[in-house]
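Worksheet: one structure, shown below.
What follows draws every value from the coordinates through simple rules; no lab data is involved. Since we're looking at a predicted model, the values are computed, not measured. Ideal geometry is used to build each Cβ from the backbone, glycine not excepted, and the neighbour counts take in all protein chains shown.
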Amino acid sequence: MEMVIIAGIIGLIIGGIISYTFINASYKKANKQRIEEINKKSDLEIKEARLTAKRIVSDAETQAEKVLSRAESKNESIKQKKIQEAKQKFSQMKTEVDEKRAQLKIDFKERELNVVEKEKDLDRKRNELNNLKDNIDQQEAELKATKLNLETQLKILARKREEIEQINEERIKKLETIAKMTEQEAKEELLDAVKAKAENDAMSIVKQTLEEAKINAGKEAKKIVIQSIQRMCAEVAIENTVTVFNLTSDDLKGQIIGREGRNIRALEAATGAEIVVDDTPEAIVISSFDPIRREICRQALKRLVADGRIHPARIEEVVNKVQKELNDQIVEIGERAVIELDIHGLHPYLIRMVGRMRFRSSYGQNLLKHSIETANLCAIMASELGLSPKLVKQAKRAGLLHDIGKVAEEESELSHALLGMKMCEKHKENDLVCNAVGAHHDEIEMNNIISPIVQACDAISGARPGARREILESYMQRIGELEELAMAYDGVQKAYALQAGRELRVIVESEKVTDAFADDLSFMISQKIQDEMQYPGHVKVTVIREKRAISYAR
């Protein structure tokens, strides 16, 4: 039994070993097959991945070639566009250079013509001086001959006077014998008769002389005025209140206006001028009553358009720069005018005020041209009247400065004549000049001969045809409208427009208008004038209320 059991156990162990060996071999074989299948599957997947990668790379290369081709075509178009823009810019710059060259040629020709004209003037003046010298030499010779004749005649008269005295002595002795009167008595009686006769004759002679003097004075005054006008040649020019600024293209209007109008508002605020952009092709209008503001706006616009950068900060920078340059230009204009008139020793402040006249007009007449014309007329008229060279220079100086109060920088209630006189006194001008400036509108009393000359020449310059825009009818109409406007208020008794419409004096009835209402009336009239009328400068309204108490002693 035991052997059977042992043999069974050994058989079981051997069977287990054999089974294990068989199972292990089967498992290894199955694993090997599975590994081979896995390897085959991996190789297929790798091959597919490689094919996919090759296809992706091929597609990528094709896409890259397409992108590269599009980039090259786009780059070529951009290149052509830049070349076209560069050509246009070059053409524009060439046009500007040609325009500047043409302008320089025109300026050179104008300067050459001015030089020729000045040479002709110098030749004419040289001929006049030679003629004047010949006349003086001839007059000196005539005076010498006249002097000799006078000496001879004086000797003859002295000899005849001695003969007459002898004859008179003889007659006196005979008269004393006949009349039985002494010489003293006869002399007194004769003097009384001669005195009475002389008084009557003198009165008639004086009356006749005065009448002849009036006639001759009128003729001589007309002659002097006509000669002064004929010798003075002035341009006929009228200033406007608008400036037209030309553009190279209408596209620039949008840049000037800016987004939501910010550029044009900034430019108007900086310059104080009004800019009108309408349908006018390639042009905009700059409007302002102040020519200095118009000029600043025009030059600023010119620089901004040429630069191409138009925005509020750039506008403010350019306007400030233009203002500084214009101030220097004003001083240069004043110095040029003073040198042209040969006036020396003028204060620098007054020279700058003279330059400001270039940008001011009165009734359409340029103030600087009017002042220069008046100065030349004053010098000519003073020479025709035979005044000394010193007074001639003072007259020319007063003619240039007579309207300087119109360009004063400070505000004042004084008229331009009195304000100009104050300015001249402040800067140490001669008393004759100060009086002529202040009295050329009869606001102060004239105390020298220069004052009426300046007044007359001012009227000549302003009244010549074409000097001022307003004709006599429109001027009288505006004066009449001023007076009628004041007369429309209740309580106004009379109204007078003075100083060419620059002042309105209103006389009211003291019973109807109180002192307090007089102030209100002055304000109301000034506001109505401002709202309903057009006028240059400003109008001063003066309301006068006078209370008179009258009684009689019986």
Under 24 Å between alpha carbons, and skipping anything fewer than 8 positions from residue 494 in its own chain: which lysines qualify?
512, 528, 540, 547
Anchor residue 173: aspartates and glutamates whose Cα lies under 14 Å away (excluding residues fewer than 8 positions away in-chain)
165, 183, 185
Which entries in the list 109/406; 118/390; 82/105 go over 30 Å, if you measure between the two C-alpha atoms of each?
109/406; 82/105
Separation of the residue 505 and residue 428 label points, Cα + 7 Å toward Cβ, nm
3.8 nm
Between residue 531 and residue 517, what is 0.36 nm times their sequence separation minus the Cα-Cα distance? Round to one decimal in nm.
3.0 nm
Computed about the Cα centre, the charge dipole of the chain from +1 Lys/Arg and -1 Asp/Glu charges at the Cβ has a magnitude in debye, to the nearest 20, of 2980 debye
Check: C-alpha center the range 70-118 vs C-alpha center the range 512-528, spacing in Å is 63 Å
For the range 10-101, what is one quarter of the convex hull surface built on the Cα atoms, given in nm²?
10.0 nm²
Going by average Cβ density within 10 Å per residue, which order do the peptides 538-551, 477-490 take, highest to lowest?
477-490, 538-551
Any idea what log10 I(q)/I(0) is at q = 0.26 Å⁻¹ for the range 472-545, Debye with uniform C-alpha scatterers and no solvent?
-1.24
Please give the net charge around residue 494, taking every other residue with its beta carbon less than 13 angstrom from that of residue 494, where Lys and Arg add +1 and Asp and Glu add -1.
-2
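Semi-axes of the equivalent ellipsoid for the chain, please: Cα gyration tensor eigenvalues, times 5, square-rooted, ordered largest first, whole Å.
Value: 111, 36, 20 Å, ordered largest first.
Between residue 33 and residue 302, what is 0.36 nm times their sequence separation minus the Cα-Cα distance? Round to one decimal in nm.
This chain segment gains 87.4 nm when fully extended.
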Inter-site label distance for residue 88 and residue 447 at 7 Å from Cα along Cβ, in nm:
7.2 nm
List the lysines whose alpha-carbon lies under 23 Å from that of residue 41, not counting same-chain residues fewer than 8 positions away?
28, 29, 32, 54
Coordinate range along principal axes, alpha carbons of the range 1-155, Å, largest first:
217, 34, 9
Counting DSSP beta bridges with both ends in the chain, the antiparallel % (nearest 5)
75 percent
R0 = 35 Å: FRET efficiency of residue 130 with residue 390, Cβ-based, nearest 0.05?
0.90
